[in-house]
Amino acid sequence: MRLLILVILFSSSSFGTNFNKKSAPIVQEPINFIVPSDVLADFAKGSDLDKKKFCSASPNSVSLVDSYGSGEKEIPLLIKGYNSRMDNGRDIPFADETGLFILRMSEVVTDAWVFNDERKKEIALGALNQWASQDGLLKTKSCTRNGRLVQGCTAWTQSDGQDLSDSKDFSTVQMWIMKLANAYFFALSNFRPNDSRHKTIQTWLGEFFERNKRANNVYFGLDHGWFYPAILDRLRRNKSPEALVTKLLKDLDKQVFDDGSMKDRTTRGNRALWYHHDAVKEAMITIEIARTAGVVIPDKLNAKLSKAGAVFVNGYFDHSTLDKWAKEAQNSVYEQGKQDFKNKLNQMPNGHSWFYIFSYRNPHDPLSIKLDDMIRQGNNQAVKDGQIGIGLGCIYAVAKGGRNL
């Protein structure tokens with residue numbers, strides 16, 4: 001299969017600059033800022049059996065995405081009503097439906113890219129065009145002005161987190177749309193490039209790019225402190241993201257500790273395993289972004305991330321191994337030897353991509369064998385990841401097999 005990769009010549013630029021004042025050109029080539037060339041090369045050598053096993057979208061997911069393109073499903077105009085704890089999603093009109101669409105879209109787009117399936121590309125493009133044509137979610141309150149958070153949006157005004165939070169409405173919608181942007185620019189922007197729907201879609205996505213918080217401070221959560229969408233925004237404007245990637249990598253080095261724990265995450269009481277997992281997800285993806293951009297990764301950081309992976313895998317099998325960090329109970333409750341993490345690794349629909357990245361990057365690590373015993377089963381979820389927008393697990397799982405051929 002022919003793999004199209006956007007080649008960017010990097011030049012120095014200030015990471016704080018706001019390029020949103022000028023409209024971006026219409027992009028007609030793929031933008032890949034996450035998957036490095038060595039992975040793509042190994043993926044190209046991967047077997048058809050592995051591609052079918054790890055990268056096939058379910059008929060139900062294809063049907064759901066198609067139902068938006070056909071007009072059968074209503075396009076939501078806004079999300080409003082999250083509380084600060086975000087435990088009331090089922091009570092918010094269109095919240096669960098939108099989250100499911102983002103997840104299923106990642107599945108369909110990944111399948112379409114892997115198998116170069118024009119029917120599924122058309123289905124995905126048609127769905128995005130419907131969302132764009134109807135200004136989907138654009139009526140959600142914006143909480144930024146010129147890349148800065150405005151004072152009118154609130155969160156956690158009540159200690160129990162049950163206060164209504166327009167800030168959570170805003171950030172949730174922004175993160176959802178950025179996942180659609182990741183998928184679109186990676187796999188669809190070069191499909192029938194002269195089709196007028198691309199302008200409609202890219203103009204719509206551009207409205208959300210303008211609402212993003214400026215990437216200044218690196219922290220875990222919100223796509224590593226809004227850095228991922230800022231990197232994609234640079235690329236779609238034909239600007240270099242090198243300064244952004246360099247800062248992201250430098251600050252990540254400070255967030256991963258020598259013992260493999262993650263700053264402000266592995267200390268979260270009985271939720272330490274989940275928060276640690278979520279931080280390792282972003283850290284691993286950041287490393288792959290740096291590799292894609294050609295930014296040198298310190299050997300020490302790679303070693304620390306290997307330990308971070310081990311902390312999670314060991315903690316998954318034995319919760320008590322996390323006690324020495326979890327007992328700090330940062331913004332949480334500590335229960336000795338207990339972690340609130342009910343997910344089976346092979347059945348997680350979101351956030352699992354780093355398992356496959358870890359396994360690919362550390363093929364001889366005994367922990368990779370433990371991971372592979374779970375994640376490489378036939379009922380894996382590798383084809384989708386709504387927290388990324390594309391199924392990185394599919395790509396890295398096939399690449400691992402391709403490297404061994």
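For this structure, a couple of remarks:
- For region 211-222, 3J(HN,Hα) per residue [Karplus equation, 6.51 cos²θ - 1.76 cosθ + 1.60, θ = phi - 60°, Hz, x = Gly/Pro]: 8, 4, 5, 5, 7, 10, 10, 8, 8, 6, x, 6
- Taking a straight line from the alpha carbon of K384, these aspartates and glutamates sit under 14 Å away, with near neighbours fewer than eight places off in the same chain left out: E107, D111.
- Measuring against 19 Å, Cα to Cα, the residue pairs K168/K254; K139/K168; K45/K121; K300/K344; K22/K179; K370/K400 contain K168/K254; K45/K121; K300/K344; K22/K179 as the ones spanning a longer distance.
- Panel values: region 65-164, Kirkwood radius from alpha carbon pairs, Stokes-Einstein at 25 °C and 0.890 mPa s, translational diffusion coefficient 158 µm²/s.
- The helix-based estimate of mean residue ellipticity at 222 nm for the chain, built from -39,500 (n - 2.57) per DSSP H run of four or more residues and divided by its residue count, is -16000 deg cm²/dmol to the nearest 500.
- Principal semi-axes of the equivalent ellipsoid, √(5λ) from the alpha carbon gyration tensor of the chain, are 30, 26, 22 Å from largest down.
- Scattering profile of region 49-101 at q = 0.24, 0.29 Å⁻¹ [log10 I(q)/I(0), Debye over alpha-carbon scatterers]: -0.92, -1.10
- In sequence order, calculated HN-Hα J values of region 298-315 (Karplus, 6.51, -1.76, 1.60; Hz; x Gly/Pro): x, 4, 5, 5, 4, 5, 5, 5, 4, 5, 4, x, 5, 4, 5, 4, 5, x
- T144 long-range amide H proximity, modeled H, under 5 Å: V150
- Cα shape, region 125-269, gyration tensor, a/c 1.5 rule: oblate
Laboratory data are not the source of any read-out in this text; all were calculated from the coordinates shown. Since the model is a prediction, treat every value here as computed from it, not as a measurement.
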